[in-house]
Every structure is written in structure tokens, then in C-alpha cells.
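These notes are about the structure you will find just below.
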Amino acid sequence: MEKGISRRSFLKSGLAAAGAAAASTVALPESVKGAKETELATLIDIRKCIGCEACVEACRDVNAGKYPVPSKPYPKMYPSSVKVSDWSGKKDVTDRLTPYNWVFIQHAQVVLKGKKEELTFPRRCMHCQNPPCADLCPWGAARKLDNGISVIHPDICLGGSKCKDVCPWKIPQRQTGVGLYLKILPSLGGNGVMYKCDRCYERVAKGELPACIEVCPEKVQKIGPREEILKEAKEIAREIGGYIYGADENGGTNTIYVSPVPFEELNKAIEKGDGKPHFKKVADSMAHVDNLAKAMVIAPFAGLAAAALKMVSFASKEKEGGK
Amino acid sequence: MKTKIETATAPGRPKTLRRLYILTFIVLAFTGFGQMPIFKRYGLSSIPGLGWSANYYATHYIHYLGAIFLIALMAYTAADFFASRRKYFRLTKAGVLQIALLSAVVATGVFRVLKNLPDVVFSPGFTMFIDLSHLAFMMLYFLAALFLLITGRKWLSPIQR
């Protein structure tokens, strides 16, 4: 059994997926099997990554069937200021996120123990615990699964890119000329489909590991129940005097990075931009509206209280008028 | 013929409430449409003073505030009607229709709010149903309100004594 995954949690999470897992070549850690009520998180230990891009290639191989096959020519867009996002001629790009590349290796030149070193690490969707992409998607195309994986349904997505606009890391990437919008109002609404890492959710459902984790020769990543992954990340950080990213970012994510250098330094050292996410601190995007949602419970009582006050005032005026 | 029946004991038509409803409805409709990626695309957010309308977090927050106000207003209006107006007014069929549609808008909105809470996961089909029905009921409410405005029908009708 892998380090950080307890026998207790294995028993707790059940055996529901054991049959499916048996059929797979490399199974999920024991504790993950059937852990339907537990959010799964991945731990990325930056120290271990050698930047070989095996994860990138495995992701592309396994997910090739999900990649967009756009219909050309693309519909004329109105207004004309609306630009198409066409990556179909740039499928080989692997140094950033694209609709055809859902994980890439980021590089950072840092000073570690007085020596200049290059750190490499895989970047992809953080799979937030309270994902704004899924919360704010107007059509329900983006959604969070019970096991904490965020996915975008390509048959429903209209490619409005709202998920990218609200994502603190601007992860989803659009491809024009594909999807439902072509059947509705292709010139007036929508602009394709948004694509991002779905953490190989079908493989996970079958008890298999996500491709990037399975193939990594250095075991940079591991997957397990979030509590245990976070506990292990904290243990590593304590041991090496390192730092954690993802525990609290955007209210907590299901991707936890452990680094020997502060993430502020990593953030300064990496190339950032479209398709190249940052490592900045991120406040909980949905916290304000979640608080307002709680206030909604009080709203009808406030209305009733206001009406009661008015009635009392009205009755006292009537009483005074009767005197 | 207009019947003015407001006296010390008989309240008139709730004009202030009506205005508040209209204002709330406008705010909710605008910020609701703003949840779709159309304001930026169609240049609305380029209009000076409306730049905020392309910020989904801003429109979402205002939409929630409007929803809170609407729910409080509905509770207030219902209590006010039953306590002090029922003796003098009755609900018209138009009023019943509008209340039903508004209730459907609120009910589907409540489900949307629930869906947005952390740890609440709905199936994709149900999520889509909620999204589309919230939009559809709002559009029906708007069309019904427009029809009632054109035909001069009101929610309340005075009880002749």
C-alpha cells in the first residue's frame, strides 16, 4: 500500500470499484477504490519532476479520442469582433494548455540552497473543491463530479468561455467549429467547445489511474482521498522545509503541489500568460455568493417581520384615530 | 371606472411595492442575462459605465442580492395582502398567473443557488433543466407582464361594497 494511504481509509471507502479495478493494468491506490463520497486529490511533488513530458504524451494518447474535430469553414461570427479560436492546425503545441494539450510542463529557474536550479512541474486544471467554472456555467456543461473531478461536457458546451473567464488560472481552452452551437445559432451565440483536463474521469471510474499519474517514471504524482493527500503534502513540506499550493487556493483545490521553494518565487520564475497558469495566491472566488446564499434563508423571515412591523404601526394609528 | 377606496382603514393599491417589484425585476433580468456570455460579445460592456456588466462575479453577486430582496419582498407582499388588503381587494386571474410564474422563477432559482453551493452536486440533466426552466419561466413572466400592461389588467381588483 502506498505511503500516506491508510488501511482504515481503505476499509472506510469500500470495495465498490474493486471488480473494475481488477481488470485494469495499474489500479488506483487501495483507499481510492469505491471512494464515491470522498473527493480525490492529486499530490504533485515538484522535487521529483524531471520534465520528461511522459505525462504530456500519455495524456495526449489517452484523450486523443476526446479532442475536437472542427467543421470548416467556420461560421461567420457576429459581431465581426468575435474571434475564432482555432488550434486544429497547432495540435503539436505542448508548451502550454490548448484544446489539444491538457497538461504541460512548466519550467522555473530558482535558487535552491544557494545553487541555481531548474525546476519542472506539470500544470493542468486544479480541480477546485468549489469550482467557479462549474458553478457559473450557464448551461450546466461544466460540472463537478462526486469524486471532486471537474469536467466540461463537450456535447453541451457552447464555447462562450465563461468558465475560462471565471477560472482563477484561466485553464479551459476553446476550439471553434465544434459542438452544439453549430446546431443553434452558430453566427450569433457560442463559439465552440471548451477543453481542459478531466483527470481521466472514465479511467478513475473504472478504478484505473489517470494516464499522467500511471505513466510517470518518477512517481511525481499520486492520487487519493483529499484528506490523506493533504496530510501527506504537509508531512513532506515539514520534512523538507517546503511549501504547499492548493490547500486553500480558491477555497481549496483537489490538486496539491509541494515545492522546496516558495510559490511566490516559482510564480516569478515561470512564464505566464494565456494557457500558462500562474502560481499566485488565490482567494475563494465563490465565498461571497456562498454567504449570500445563506442570507437567502433569512430573506422571507425579514419580509414577514417587515410586514408585521407595518401591521403593528397601522393598528396603533387606527387606535389613535379611534380615540 | 376608478374606485378610490383608500381611507384611514382601507389601504390603496400597493404602488410602492409595485415600483419596487419592477425595479427588482429589471435588476434581476439584467444581471440574469449577464450570466450568459453576451454582454461583452455584443458590446454592452463597452458602453461607458457598464464595464462591470462583463464581470460575471459582479453580475452574479448583484443577482443574488436582487434575489434576496425579491424573496423578502414576496414574503412582505403576501403577509401585507392577507393582513390588510384582502378585505378590500381580491386577486385577479392575471395576478394568480403572475404569482405562479414568479414562484416558478424563484423555485428554479433556489435550486440553482443550491447547485452552486460547495458539496452539492446535481446530475447534468437536472442542472440543465434548472438552468433552462429558470430562463423560460422568467421569459414567460416577462411576456405575461407585458401582456397585462398592454391590456390594462391588474393583479388586484377592488371588492365593491
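Summary of values
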item	result
Top-ranked residue of region B:78-101 - restricted to ones that are among the aliphatic types (A, V, I, L, M), more than 14 Å from chain A (Cβ to nearest Cβ) and assigned to a helix (DSSP H, G or I), ranked as nearest to B:S157 (Cα to Cα)	B:A94
Enumeration of residues in region A:162-178 that are more than 14 Å from the chain's Cα centre (by Cα) and in contact (Cβ under 8 Å) with a residue 40 or more places away in the chain	A:R174, A:Q175, A:T176, A:G177, A:V178
In region A:73-97, the residues that are closer than 21 Å to A:K272 by Cβ and either modelled with pLDDT under 95 or of a type in the set (S, T, Y) (or both)	A:S85, A:T94
Output for region B:85-96, where each listed residue is hydroxyl-bearing (S, T, Y) and buried (at least 19 other Cβ atoms within 10 Å of the Cβ)	B:Y88
Contacts under 8 angstrom Cβ, first residue in region B:113-136 being outside the structural domain of B:M36 (by TED's automatic domain parsing), partner exposed (fewer than 15 other Cβ atoms within 10 Å of the Cβ) and of a type outside the set (A, V, I, L, M, F, W, C), 6 or more apart	B:V121/A:D146
Pick from region A:219-274, criterion without any contact (Cβ under 8 Å) to a residue 40 or more places away in the chain and among the basic types (K, R), ranking: farthest from A:R123 (Cα to Cα)	A:R238
Residue in region A:36-52 that is in a loop (DSSP other than H, G, I, E, B), modelled with pLDDT under 95 and crowded, with 19+ Cβ neighbours inside 10 Å present	yes
Selection within region B:35-77 - more than 8 Å from chain A (Cβ to nearest Cβ) and either part of a loop (DSSP other than H, G, I, E, B) or surrounded by fewer than 16 Cβ atoms within 10 Å (Cβ to Cβ) (or both)	B:F39, B:K40, B:S46, B:I47, B:P48, B:G49, B:L50, B:G51, B:W52, B:N55, B:A58
Filter result for B:P118 (closer than 22 Å to A:A295 by Cβ, modelled with pLDDT under 85 and facing chain A (nearest Cβ under 9 Å))	yes
Test: B:A107 is in a helix (DSSP H, G or I), without any contact (Cβ under 8 Å) to a residue 24 or more places away in the chain, closer than 30 Å to A:C157 by Cα and aliphatic (A, V, I, L, M)	yes
Residue check for B:A107: closer than 26 Å to B:L146 by Cβ, modelled with pLDDT of 95 or more, surrounded by 17 or more Cβ atoms within 10 Å (Cβ to Cβ) and hydrophobic (A, V, I, L, M, F, W, C)	no
Qualifying positions in region A:123-152 - without any contact (Cβ under 8 Å) to a residue 24 or more places away in the chain and closer than 11 Å to A:E39 by Cα	A:K144
Subset of region A:118-137 [part of a loop (DSSP other than H, G, I, E, B) and surrounded by 23 or more Cβ atoms within 10 Å (Cβ to Cβ)]	A:R124, A:C125, A:M126, A:H127, A:P131, A:C137
Residue within region A:175-188 that is crowded, with 24+ Cβ neighbours inside 10 Å and within 13 Å of another protein chain (Cβ to nearest Cβ) present	no
Which numbered condition A:R199 misses (of (1) of a type in the set (K, R); (2) surrounded by fewer than 24 Cβ atoms within 10 Å (Cβ to Cβ); (3) in contact (Cβ under 8 Å) with a residue 12 or more places away in the chain; (4) touching a His at 6+ places or on another chain (Cβ under 8 Å))	(2)
Out of B:I99, B:I159, sole residue that is surrounded by 15 or more Cβ atoms within 10 Å (Cβ to Cβ) and in contact with a strand residue (DSSP E or B) (Cβ under 9 Å, 6 or more places away or on another chain)	B:I99
Which numbered condition B:N116 fails, given (1) closer than 21 Å to B:Y64 by Cβ; (2) surrounded by fewer than 18 Cβ atoms within 10 Å (Cβ to Cβ); (3) not β-branched (V, I, T)	(2)
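The values are calculated or read from the model by the stated rules, or taken from the named source; none is laboratory data. Computed from a predicted structure; not experimentally measured. Quick reminder, even Gly has a Cβ in these numbers, built from the backbone with ideal geometry, and neighbours come from all protein chains shown.
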